[in-house]
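Peer 1: If you scroll down you'll find the structure; I have some questions about it.
The values are calculated or read from the model by the stated rules, or taken from the named source; none is laboratory data. Small disclaimer: the values here were computed from a predicted structure and weren't measured. A quick note on method: Cβ atoms are made from the backbone with ideal geometry, for glycine too, and the neighbour counts reach across all protein chains shown.
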Amino acid sequence: MKNTRMLTLTSGALLASVAAICLSSCGGATYSDQVLVSDDPTSLTKIVFFECLGHANEGNLGKIVSAFNEKYAGKYEVELSKVAGTYDALHDAVNTKLTAGEVPALCMGYPDSFSVYMGKEIDDSNIYRLDNFIDDPTFGFTAEEKKDFVPEYLAEGQNYQFEGTWSLPMYKSTEIMYYNECYFAGSNQQNLAKFAANTEFAALNKAVTDKGANPTDESLKALKDWVKSHSGYAYELPTTWEDMIALAKQMVADMKTENLENIEFYPVGYDSDANLLISQFAQRGIPFTVNDEASKADPTKHFVFDNDEAKAFVNTLVQNVKDKLLITKGVLGGSKYTNTYFTNLKSAMSIGSTGGSSYNVSSNFKVGLAPVPYAAGKKAQYIMQGPSICFFNNSNDYVHKGSWLFYKMLAETTNNTKLSLENSYDPIKNSCYETTEYKNFVAKHDSELKYDIPFHTQDLRDNYMTSPVFVGSSTARVEIGNVLQYICNSNFSTDEAFAKAMNSCRAAA
């Protein structure tokens, strides 16, 4: 095996080297950045890729794998290994496998998981820093190729507890607001009660509902115009969080006017309590977590969400839940999703991942898309989601090189465009958005939701946000996501809920 690293030893250096080897074998090894070997293996090297995609979602990934295996036949072979069905389960499975000594070459997932694989000390990291690969003069990325990555996506891999680049993007998503276009136009319970005997309303409503999820814009406008002219109930989309809550109050009040207050209905559903609080904290300047020098010295100082501003905002949300304006997955107990409320006409708006658009499709009505309402007077900020890829230390230079060559093929413009759009995710390179494939896809945005998602998210990328990543950051996400559940379902006071969350985080750190 050729290696780009060469070492010439004097007698003194030889003694030092022997001592270093002894230290390594006794567990005292120090972290060393990987470098790419210049040659390729003379026999087949397996590249095991841990993933959690369902069969329906890995079509283009499978094609990329096949193309790679054909190109490097006899040298490298990527093997997809589905070890779990969700990202959380994947995280748990990888930890179990690492404990048992089973190390993949690559793994998809989220930075919070990768930070755990890295550990609290860089010498203990199971994954390796990628800057030498990125900058390799032969096999790395050129300056132009680096500029081609969407900056926010590349920067995510540099936001860990240790300096450098520790992961690279696979494809990305964010949150968006799904809304019931028919409900907003007037096909709602209030009007069905108010105009129960009106034949004109019945005909206009039938024109909307008979077409299932695809009523025409003309039929929706006709219904809305008629409802407004007859003092019925039609609504306009909110832009800010405050406008959304005010709208929810109006919807609840309108239902009460028509004696419908006993119907189970929450105007707004939010499918991630953690994303709700983290993004709203960021917009409002409320501290959540930090990754500064003080917290690196004392890991319990990473967690700063136990503050008056955070508690005040949570108290407002608790009241929103009590007033039946808002429902979240956490308040539902964690086993149910609020998108089922949305598709079953128990919510008018549903905030969730663009990657989960299929769960917000309903045959009962036409689904519209809008940016998630943001804090009034603040900059809109949207949670950046979607998997990245980390590279594991296999103590095998050929596995490392094969993994890198595979990632380069996956990140290639045409490949990544097809891979991303297959599931309505966003590609990772700017050049992807200029391809005919991408432009033709979003041009169909009026026909199906899967085309409409990337049409809308193309305007959101400049507003994406992430939180610091470190050992314990995943616990912080879980615990801040549990706060509403602690208060609404377990009768904790706000102070008790925050104290419980903070204690769990400090224990994890």
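Peer 1: Of the residues Leu168, Leu130, only one is in contact (Cβ under 8 Å) with a residue 12 or more places away in the chain, touching a strand residue (DSSP E or B) at 6+ places or on another chain (Cβ under 6 Å), among the hydrophobic types (A, V, I, L, M, F, W, C) and more than 30 Å from Thr338 (Cβ to Cβ); which?
Peer 2: Working: Leu130 fails: touching a strand residue (DSSP E or B) at 6+ places or on another chain (Cβ under 6 Å).
Within the list Leu168, Leu130, the selection yields Leu168.
Peer 1: Take the residues in the range 370-390 that are in contact with a strand residue (DSSP E or B) (Cβ under 6 Å, 6 or more places away or on another chain) and of a type in the set (A, V, I, L, M, F, W, C), then tell me which one is farthest from Asn126 (Cα to Cα).
Peer 2: Among residues in the range 370-390 that are in contact with a strand residue (DSSP E or B) (Cβ under 6 Å, 6 or more places away or on another chain) and of a type in the set (A, V, I, L, M, F, W, C), the one farthest from Asn126 (Cα to Cα) is Ala376.
Peer 1: Does Tyr76 qualify as being in contact (Cβ under 8 Å) with a residue 40 or more places away in the chain, in contact with a strand residue (DSSP E or B) (Cβ under 7 Å, 6 or more places away or on another chain) and either surrounded by fewer than 15 Cβ atoms within 10 Å (Cβ to Cβ) or within 30 Å of Ala476 (Cα to Cα) (or both)?
Peer 2: In short, no.
Peer 1: Right, next: Evaluate the range 276-295: report whether one residue or more is under 30 Å from Phe195 (Cα atoms) and modelled with pLDDT of 95 or more. Before the answer, list the steps.
Peer 2: Quick first cut of the range 276-295, residues under 30 Å from Phe195 (Cα atoms) only: none.
No, the range 276-295 contains no residue that is under 30 Å from Phe195 (Cα atoms) and modelled with pLDDT of 95 or more.
Peer 1: State all residues of the range 345-369 that are at pLDDT 95 or above and either among the basic types (Lys, Arg) or surrounded by fewer than 18 Cβ atoms within 10 Å (Cβ to Cβ) (or both); if no residue qualifies, say none.
Peer 2: Listed by number, the list holds a single entry, Lys346.
Peer 1: Only one of these is farther than 30 Å from Val304 by Cα, touching a Ser or Thr at 6+ places or on another chain (Cβ under 6 Å) and not basic (Lys, Arg): Tyr270, Tyr266. Name it. Spell out how you get there, then give the answer.
Peer 2: Working: Tyr270 fails: farther than 30 Å from Val304 by Cα.
Just a single option satisfies the conditions, and that option is Tyr266.
Peer 1: Just checking, does the range 465-477 include any residue being more than 30 Å from Pro299 (Cα to Cα), of a type outside the set (Gly, Ala, Ser) and not in a helix (DSSP H, G or I)?
Peer 2: So the first thing to find is which residues in the range 465-477 are more than 30 Å from Pro299 (Cα to Cα), and the list is none.
Within the range 465-477, not a single residue is more than 30 Å from Pro299 (Cα to Cα), of a type outside the set (Gly, Ala, Ser) and not in a helix (DSSP H, G or I).
Peer 1: Go through the range 98-110 residue by residue and tally those that are part of a helix (DSSP H, G or I) and at pLDDT 95 or above.
Peer 2: Restricting attention to the range 98-110, the residues satisfying the condition of being part of a helix (DSSP H, G or I) are 98-99.
Still in the list and also at pLDDT 95 or above: none.
Total meeting the criteria: 0.
Peer 1: Shifting gears a bit: Please work out which one of (1) under 30 Å from Glu121 (Cβ atoms); (2) more than 28 Å from the chain's Cα centre (by Cα) is the condition Leu154 fails and give its number.
Peer 2: (2)
Peer 1: Return the only residue of Phe498, Phe441 being in the same structural domain as Lys63 (by TED's automatic domain parsing), more than 16 Å from the chain's Cα centre (by Cα) and crowded, with 17+ Cβ neighbours inside 10 Å.
Peer 2: Details: Phe498 fails: in the same structural domain as Lys63 (by TED's automatic domain parsing).
When all the criteria are applied, what remains is Phe441.
Peer 1: So, Thr165, is that one among the hydroxyl-bearing types (Ser, Thr, Tyr), touching a helix residue (DSSP H, G or I) at 6+ places or on another chain (Cβ under 7 Å) and in a loop (DSSP other than H, G, I, E, B) or not? Write out each step before concluding.
Peer 2: Details: among the hydroxyl-bearing types (Ser, Thr, Tyr): yes; touching a helix residue (DSSP H, G or I) at 6+ places or on another chain (Cβ under 7 Å): yes; in a loop (DSSP other than H, G, I, E, B): yes.
It is true that Thr165 is among the hydroxyl-bearing types (Ser, Thr, Tyr), touching a helix residue (DSSP H, G or I) at 6+ places or on another chain (Cβ under 7 Å) and in a loop (DSSP other than H, G, I, E, B).
Peer 1: Between a residue in the range 247-263 that is closer than 13 Å to Gly232 by Cα and any residue that is aliphatic (A, V, I, L, M), which pairs come within a Cβ distance under 8 Å, given they are 6 or more apart or on different chains?
Peer 2: Every condition considered, the pairs that remain are Met251/Ala348; Met255/Ile263; Glu258/Ala193.
Peer 1: A follow-up question, please. State all residues of the range 168-185 that are touching a helix residue (DSSP H, G or I) at 6+ places or on another chain (Cβ under 8 Å), in a strand (DSSP E or B) and farther than 18 Å from Gln385 by Cα; if no residue qualifies, say none.
Peer 2: Asn180 - this is the single residue of the range 168-185 that is touching a helix residue (DSSP H, G or I) at 6+ places or on another chain (Cβ under 8 Å), in a strand (DSSP E or B) and farther than 18 Å from Gln385 by Cα.
Peer 1: Only one residue in Asn188, Asn159 is out of contact with any Gly (no Cβ under 7 Å at 6 or more places or on another chain), farther than 15 Å from Tyr407 by Cα, assigned by TED's automatic domain parsing to the domain that holds Met251 and buried (at least 16 other Cβ atoms within 10 Å of the Cβ). Which one?
Peer 2: Numbers: Asn159 fails: assigned by TED's automatic domain parsing to the domain that holds Met251.
Selected residue: Asn188, the only one of Asn188, Asn159 that is out of contact with any Gly (no Cβ under 7 Å at 6 or more places or on another chain), farther than 15 Å from Tyr407 by Cα, assigned by TED's automatic domain parsing to the domain that holds Met251 and buried (at least 16 other Cβ atoms within 10 Å of the Cβ).
Peer 1: Name every residue in the range 399-428 that is crowded, with 22+ Cβ neighbours inside 10 Å, hydroxyl-bearing (Ser, Thr, Tyr) and within 30 Å of Thr42 (Cβ to Cβ), in order of residue number.
Peer 2: Step one: filter the range 399-428 for residues crowded, with 22+ Cβ neighbours inside 10 Å, giving 399-404, 406, 410-411, 416-417, 419-421, 423-428.
Within this subset, residues satisfying the condition of being hydroxyl-bearing (Ser, Thr, Tyr) are 403, 417, 420, 424-425.
Ser403 - this is the single residue of the range 399-428 that is crowded, with 22+ Cβ neighbours inside 10 Å, hydroxyl-bearing (Ser, Thr, Tyr) and within 30 Å of Thr42 (Cβ to Cβ).
Peer 1: Examine the range 55-63 for a residue that is hydrophobic (A, V, I, L, M, F, W, C) and at pLDDT 95 or above, and state whether such a residue exists. Let's see the steps before the verdict.
Peer 2: Going through the range 55-63, the residues hydrophobic (A, V, I, L, M, F, W, C) turn out to be 56, 61.
Okay, now just the ones that are also at pLDDT 95 or above, so none.
No: zero hits.
Peer 1: Filter the range 67-91 for residues that are over 18 Å from Pro387 (Cα atoms) and in contact with a helix residue (DSSP H, G or I) (Cβ under 6 Å, 6 or more places away or on another chain) and give the result.
Peer 2: Correct list: Phe68, Tyr76, Glu77, Val78.
Peer 1: What single numbered condition from (1) under 21 Å from the mean Cα position of the chain (by Cα); (2) of a type in the set (A, V, I, L, M); (3) over 30 Å from Ser38 (Cβ atoms) fails to hold for Ile428?
Peer 2: Answer for Ile428: the failing condition is (3).
Peer 1: Going through the range 199-243 one residue at a time, which ones are small (Gly, Ala, Ser) and either out of contact with any Gly (no Cβ under 9 Å at 6 or more places or on another chain) or part of a helix (DSSP H, G or I) (or both)? Full working, then the answer.
Peer 2: Initial filter on the range 199-243 (small (Gly, Ala, Ser)): 202-203, 207, 212-213, 219, 222, 229, 231-232, 234.
Of everything in the range 199-243, those that are small (Gly, Ala, Ser) and either out of contact with any Gly (no Cβ under 9 Å at 6 or more places or on another chain) or part of a helix (DSSP H, G or I) (or both) turn out to be Ala202, Ala203, Ala207, Gly212, Ala213, Ser219, Ala222, Ser229, Ser231.
Peer 1: Let me confirm something: among Phe133, Phe139, which residue is over 30 Å from Lys228 (Cα atoms), in contact with a helix residue (DSSP H, G or I) (Cβ under 7 Å, 6 or more places away or on another chain) and surrounded by fewer than 19 Cβ atoms within 10 Å (Cβ to Cβ)? Can you show your working first?
Peer 2: Values: Phe133 fails: surrounded by fewer than 19 Cβ atoms within 10 Å (Cβ to Cβ).
Among Phe133, Phe139, only Phe139 is over 30 Å from Lys228 (Cα atoms), in contact with a helix residue (DSSP H, G or I) (Cβ under 7 Å, 6 or more places away or on another chain) and surrounded by fewer than 19 Cβ atoms within 10 Å (Cβ to Cβ).
Peer 1: Also: Are there any helices (runs of 4 or more DSSP H) wholly within the range 111-153 with 3 or more residues that are of a type in the set (A, V, I, L, M, F, W, C), and if so which? Before the answer, list the steps.
Peer 2: Working: elements: 111-118, 131-134, 143-148.
Where helices (runs of 4 or more DSSP H) fall fully within the range 111-153 and carry at least 3 residues being of a type in the set (A, V, I, L, M, F, W, C), they are 111-118.
Peer 1: Can you find a residue in the range 296-308 that is over 24 Å from Lys450 (Cα atoms), in contact (Cβ under 8 Å) with a residue 12 or more places away in the chain, outside any helix (DSSP H, G or I) and over 23 Å from the mean Cα position of the chain (by Cα)?
Peer 2: Step one: list which residues in the range 296-308 are over 24 Å from Lys450 (Cα atoms), which gives 296-308.
Imposing the further condition that a residue be in contact (Cβ under 8 Å) with a residue 12 or more places away in the chain reduces the set to 296, 299-300, 302-307.
If we keep only those that are outside any helix (DSSP H, G or I) as well, we get 303-307.
From the residues that got through so far, the ones that are over 23 Å from the mean Cα position of the chain (by Cα) too are 306-307.
Within the range 296-308, one or more residues are over 24 Å from Lys450 (Cα atoms), in contact (Cβ under 8 Å) with a residue 12 or more places away in the chain, outside any helix (DSSP H, G or I) and over 23 Å from the mean Cα position of the chain (by Cα).
Peer 1: Can you go through Val37, Val94, Val83, Val65 and tell me which one is surrounded by 14 or more Cβ atoms within 10 Å (Cβ to Cβ), more than 26 Å from the chain's Cα centre (by Cα) and in the same structural domain as Lys408 (by TED's automatic domain parsing)?
Peer 2: Values: Val94 fails: more than 26 Å from the chain's Cα centre (by Cα); Val83 fails: more than 26 Å from the chain's Cα centre (by Cα); Val65 fails: more than 26 Å from the chain's Cα centre (by Cα).
Sole residue among the options that is surrounded by 14 or more Cβ atoms within 10 Å (Cβ to Cβ), more than 26 Å from the chain's Cα centre (by Cα) and in the same structural domain as Lys408 (by TED's automatic domain parsing): Val37.
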